[in-house]
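The values are calculated or read from the model by the stated rules, or taken from the named source; none is laboratory data. Remember, it's a predicted structure, so these values are computed and weren't measured experimentally. Counting neighbours? That spans all protein chains shown, and the Cβs are built from the backbone with ideal geometry, glycine included.
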Amino acid sequence: MRTKNQLTSGVLGRKAEIVSSGHSLYLGISGVVVEETQNTLTFRTVDGTKQVPKKGIRLRVELDEGKTEIEGAELQGRPADRIKQRKI
């Protein structure tokens, strides 16, 4: 089973929904994460693409084993750098 720590390696290609946000405009955005940068996630939604800052959001991410929630701040930084940090 995939843990939240393993999920920090990336959410790219996974279905996700913003369940908490400091900015009401981002709350409820859901779709497939199609791009991830150091500070943002881009979702492909039914209304087009939406770019959202990682800071200040909480995501519910669909995994093969079910759903889990993760703070956007845990995804801060480049995905490749997070993988390197995990291996140390």
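Are there any strands (runs of 3 or more DSSP E) wholly within segment 41-83 with 3 or more residues that are closer than 20 Å to residue 22 by Cα and modelled with pLDDT of 95 or more, and if so which? Spell out how you get there, then give the answer.
On the way: elements: 48-53, 57-63, 66-71.
Counting at least 3 such residues, we get 48-53, 57-63.
Tell me, please, whether a residue that is modelled with pLDDT under 95, of a type in the set (Val, Ile, Thr), outside any strand (DSSP E or B) and exposed (fewer than 13 other Cβ atoms within 10 Å of the Cβ) can be found in segment 3-14. Show your work before the answer.
Filtering segment 3-14 down to residues modelled with pLDDT under 95 leaves 3-14.
From the residues that got through so far, the ones that are of a type in the set (Val, Ile, Thr) too are 3, 8, 11.
Cutting the leftovers down to outside any strand (DSSP E or B) gives us 3, 8, 11.
Restricting the remaining residues to those that are exposed (fewer than 13 other Cβ atoms within 10 Å of the Cβ) gives 3.
Within segment 3-14, one or more residues are modelled with pLDDT under 95, of a type in the set (Val, Ile, Thr), outside any strand (DSSP E or B) and exposed (fewer than 13 other Cβ atoms within 10 Å of the Cβ).
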- Message: Can you find, within segment 13-40, the residue that is nearest to residue 73 (Cα to Cα) among those that are among the hydrophobic types (A, V, I, L, M, F, W, C) and touching a Phe, Trp or Tyr at 6+ places or on another chain (Cβ under 8 Å)?
- Response: 18
- Message: If a residue must be surrounded by 13 or more Cβ atoms within 10 Å (Cβ to Cβ) and either over 14 Å from residue 72 (Cα atoms) or small (Gly, Ala, Ser) (or both), how many such residues does segment 46-58 contain?
- Response: 2
